[in-house]
1. If you check Ser221 against the conditions, is it small (Gly, Ala, Ser), crowded, with 24+ Cβ neighbours inside 10 Å and modelled with pLDDT of 95 or more?
2. Here is a check on your reading of the model: is Leu183 within 16 Å of the ligand (Cβ to nearest atom) and either over 21 Å from the mean Cα position of the chain (by Cα) or not in a loop (DSSP other than H, G, I, E, B) (or both)?
3. Of the residues that make up segment 389-406, is at least one surrounded by fewer than 23 Cβ atoms within 10 Å (Cβ to Cβ), under 24 Å from the mean Cα position of the chain (by Cα) and not in a helix (DSSP H, G or I)?
4. Can you find a residue in segment 118-128 that is acidic (Asp, Glu) and surrounded by fewer than 21 Cβ atoms within 10 Å (Cβ to Cβ)?
5. Anything in segment 209-230 that is out of contact with any helix residue (DSSP H, G or I) (no Cβ under 9 Å at 6 or more places or on another chain) and assigned to a loop (DSSP other than H, G, I, E, B)? List them, or say none.
6. Looking only at segment 188-208, filter to residues that are buried (at least 21 other Cβ atoms within 10 Å of the Cβ) and more than 14 Å from the ligand (Cβ to nearest atom); which one of those is farthest from Val251 (Cα to Cα)?
7. Just give me the residues in segment 143-172 being surrounded by 15 or more Cβ atoms within 10 Å (Cβ to Cβ) and of a type in the set (Val, Ile, Thr), in sequence order.
8. Looking at Ser88, Ser65 in this structure, which one is surrounded by fewer than 16 Cβ atoms within 10 Å (Cβ to Cβ), touching a residue at least 60 places away in the same chain (Cβ under 8 Å), among the polar types (S, T, N, Q) and outside any helix (DSSP H, G or I)?
Amino acid sequence: MTGLATTPHRDVAATGAELTERYTHSVMNTFGPPQRVLVRGEGCYVWDADGNRYLDLLAGIAVNSLGHGHPVVHAAVTSQLATLGHVSNFFATPPQIALAERLLALLGHQGRVFFTNSGTEANEAAFKATRRTGRTKIVSTVNAFHGRSMGALAVTWKPAYRETFAPLPGDVTFVEYGDAAALAAAVDDETAAFVVEPIQGEAGVVEPPPGYLRAARDITSRHGALLWLDEVQTGVGRTGAWFAHTETGVVPDIVTLAKGLGSGFPIGACIGVDASGALLGPGDHGTTFGGNPVASVAALATLGVIKRDDLLAHVRRVGDRLAAQVADLRHPVINHVRGRGLLRGIALYEPVAARVATAALRQGFIVNAPTPSTIRLAPPLIVTSAQLDTFVDALPDLIDIAQREGTS
Ligand SMILES: *Cc1c(COP(=O)(O)O)cnc(C)c1O
């Protein structure tokens, strides 16, 4: 049983234009037209249907931690699939148990893990867990992004994402990100939780002032409220530490993970630290796929390679070098570089980031523009300085092109 009959997704010699045309007639139009149709990936590169190669500096939005087609992930997934692919949560599997233990060990705390298939579901589980405190008030932050399902959306800031879907789960207030005084004023003895990203990703890679998470911990503890850290984008080595909050020494109550955890295989986790691991009990929550053994081995393989290859140190090294090189360009349109490790935002003085991303794509680089004046880089954690340098070298030209196109 080989050949086309069993691989209908392998279109022979279909062009990008033909495939895009078919996409627009068959896939729901929630994302707008696709930028390219991609057919293959290897390491930090992907290829489109027309044979063009791209250096992937976005990694599927901070997802492909080990790049594309990593042999360890591939071997783990294929051998698990051949052994036992799925069992439901009526049953346990060794990979799921090992992954839960591993995540708790990396956090350095006791607790319990609920596995999901995505970031929004990890936050959804966390949201439900907060309700089990007996309180309903949630405090979130301006410009926060926590996902698109109804609960996660309720704590997401962007009014354009939320307003058409009202009513959402209520009792949510938003405070300025990074403003400890505003947080102290918003949290009271009826607050169930404060949910916050250690670095705001979709907002354009925005870091809070030093001491913010510590203050958030103090304020929430004072009122018996939970500190819920959304590390869906920042977790799993992305910032050069296992978790972005690690270096602060803050102990959160809930940590949510997803994006980079499975290096491309869909998996998320809601981790309840210490007593918070018992907020959700029998019958409180469920999932058919969450913690599936194939997804679990993908995550175990990802975590294993990050450790084996000392990628946390690598991420810090190449990430700092990247930020310094971009600053050294002293380009008049580049304001500064934000972020940590390999989660970086290049802040521009002009709102040309989307046009820079488009120009970059034409020259073989995948980046994105989370805001009109921010270019985001979130490459695979295995990216080399030499690969990053090719983008830094191209950047002044890309900005010039974007500016020219903006005025024509
Ligand atoms: C991407 C993201 C989510 C949502 O994850 P999905 O897998 O897209 O549902 C939630 N929180 C943060 C911080 C994210 O970056």
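The values are calculated or read from the model by the stated rules, or taken from the named source; none is laboratory data. Only a predicted model underlies this, so the values are computations on that prediction, with no experimental measurement involved. Every residue, glycine as well, gets a Cβ built from its backbone with ideal geometry; the counts of neighbours run over all protein chains shown.
1. Details: small (Gly, Ala, Ser): yes; crowded, with 24+ Cβ neighbours inside 10 Å: no; modelled with pLDDT of 95 or more: yes.
For Ser221, the condition - small (Gly, Ala, Ser), crowded, with 24+ Cβ neighbours inside 10 Å and modelled with pLDDT of 95 or more - is not met.
2. Values: within 16 Å of the ligand (Cβ to nearest atom): no; either over 21 Å from the mean Cα position of the chain (by Cα) or not in a loop (DSSP other than H, G, I, E, B) (or both): yes.
No: the conditions fail for Leu183.
3. no
4. In the first step, residues of segment 118-128 are kept if they are acidic (Asp, Glu); the result is 121, 124.
Subset that is surrounded by fewer than 21 Cβ atoms within 10 Å (Cβ to Cβ): none.
No, that holds for no residue.
5. Once the filter is applied, which keeps residues that are out of contact with any helix residue (DSSP H, G or I) (no Cβ under 9 Å at 6 or more places or on another chain) and assigned to a loop (DSSP other than H, G, I, E, B), segment 209-230 yields His223, Gly224.
6. Thr191
7. Within segment 143-172, Val155, Thr156, Val172 qualify.
8. Values: Ser65 fails: surrounded by fewer than 16 Cβ atoms within 10 Å (Cβ to Cβ).
Unique residue meeting the criteria: Ser88.
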